[in-house]
Amino acid sequence: MHPTPTTLLTCDGCGQPASPEHIARRLQRLEWMTRYRPIHIGTLLLGGVSPQADGDFLYAGKFEGEAGRLLEAVEISPAGKAPEPVLSEFQRGGFFLAHLLECPLAASAPGQALLESLLAQQLAHITARVRRSLKPKRVVLISALLAPLTSKLSSADLGCPMILDNGKPFDLSSSNFSGVLQRLRKAITAPAAGM
């Protein structure tokens, strides 16, 4: 007998082929995120692609990589604290983190053209989600991967202002992180319209 071929569905959160493991991981991350979603989102921090490692994913509560840099930007120290109080403080600050591609990239990383295509495919989904569901007071782009989509995001009807770093996304992975950090802190500490 030959094994029955598995037909993979396309994940609605990232546009990639979705195995049962992919879906299970996505659902786990959505559960973590939902637990700490503010009722009223002041600042939506929008990244490009959800990090591969759970330690880098903010809501997993390990605060490494992207998660650690993001907490540093919003001036929340995880030192000596359990994950729940740190994430609760982030939530109380009115912050919510989302990614255009809600799932990490498959192990066989796509080329730049395919990555840009996946990001572009999710654009309508995220703009509708921002406008209809999340309804933040402002959106701050925090990934250089979003640079090719900045003008489309700027012209989209998000229902709120979009904050950029001199016309481009804040790059949390920049080699000049301290400069980006200072500009990002200034941007997110300024009162949002209607707050």
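The values are calculated or read from the model by the stated rules, or taken from the named source; none is laboratory data. This one's a predicted model, so the numbers in the text were calculated from it and none came from an experiment. Note that we place each Cβ from the backbone using ideal geometry, even for glycine, and neighbour counts take in every protein chain shown.
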* Working carefully through the options GLY48, GLY68, find the one that is of a type in the set (Gly, Ala, Ser), under 12 Å from the mean Cα position of the chain (by Cα) and closer than 20 Å to SER143 by Cβ. => GLY48
* So which residues in region 124-160 are aliphatic (A, V, I, L, M) and at pLDDT below 90, if there are any at all? -> ALA124, ALA156
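For (1) within 13 Å of the chain's Cα centre (by Cα); (2) farther than 23 Å from GLN16 by Cβ, each residue gets a yes or a no:
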{"position": "GLU72", "(1), (2)": "no, yes"}
{"position": "LYS81", "(1), (2)": "no, yes"}
{"position": "GLN91", "(1), (2)": "no, yes"}
{"position": "HIS99", "(1), (2)": "yes, no"}
{"position": "PRO104", "(1), (2)": "yes, no"}
{"position": "LEU115", "(1), (2)": "no, no"}
{"position": "LEU145", "(1), (2)": "yes, no"}
{"position": "SER154", "(1), (2)": "no, yes"}
* Out of (1) surrounded by fewer than 19 Cβ atoms within 10 Å (Cβ to Cβ); (2) assigned to a helix (DSSP H, G or I), what's the single condition that is false for GLY159? -> (2)
* Among what's in region 161-177 and is at pLDDT 90 or above and over 18 Å from the mean Cα position of the chain (by Cα), pick the residue that is farthest from ILE76 (Cα to Cα). => GLY167
* Structure fact -> Output for Cβ contacts, cut-off 6 Å, separation at least six or different chains, first residue over 16 Å from PRO51 (Cα atoms) and among the charged types (D, E, K, R) in region 115-127, second modelled with pLDDT under 90 and part of a helix (DSSP H, G or I), reads none
* In region 143-163, what residues are more than 16 Å from ALA128 (Cα to Cα) and of a type in the set (Gly, Ala, Ser)? -> SER143, ALA144, ALA147, SER151
* **Per-region count, region 123-150, residues among the polar types (S, T, N, Q), assigned to a helix (DSSP H, G or I) and farther than 20 Å from ALA190 by Cβ** => 2
* Asked: Which pairs have Cβ atoms under 7 Å, sit 6 or more apart or on different chains, and link a residue in region 172-183 that is aromatic (Phe, Trp, Tyr) to one that is surrounded by 11 or more Cβ atoms within 10 Å (Cβ to Cβ) and part of a helix (DSSP H, G or I)?
  -> PHE177/ARG69
* Take the residues in region 48-103 that are outside any helix (DSSP H, G or I) and of a type in the set (Ser, Thr, Tyr), then tell me which one is nearest to SER174 (Cα to Cα). => SER50
* Asked: Can we say GLY15 is assigned to a loop (DSSP other than H, G, I, E, B) and under 17 Å from the mean Cα position of the chain (by Cα)?
  -> yes
* Asked: Can you pull out the residues in region 148-167 that are farther than 17 Å from LEU181 by Cα and touching a residue at least 12 places away in the same chain (Cβ under 8 Å)?
  -> PRO148, LEU149, THR150, LYS152, LEU153, ALA156, ASP157, LEU158, GLY159, CYS160, PRO161, MET162
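Conditions (1) surrounded by fewer than 13 Cβ atoms within 10 Å (Cβ to Cβ); (2) in contact with a helix residue (DSSP H, G or I) (Cβ under 9 Å, 6 or more places away or on another chain); (3) more than 20 Å from LEU158 (Cβ to Cβ); (4) modelled with pLDDT of 95 or more, marked per residue:
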position: MET1; (1), (2), (3), (4): yes, no, yes, no
position: THR4; (1), (2), (3), (4): yes, no, yes, no
position: CYS11; (1), (2), (3), (4): no, yes, yes, no
position: GLN16; (1), (2), (3), (4): no, yes, yes, no
position: ILE23; (1), (2), (3), (4): no, no, yes, no
position: PRO51; (1), (2), (3), (4): no, yes, yes, no
position: ASP56; (1), (2), (3), (4): no, yes, yes, no
position: LEU97; (1), (2), (3), (4): no, yes, no, yes
position: PRO104; (1), (2), (3), (4): no, yes, yes, no
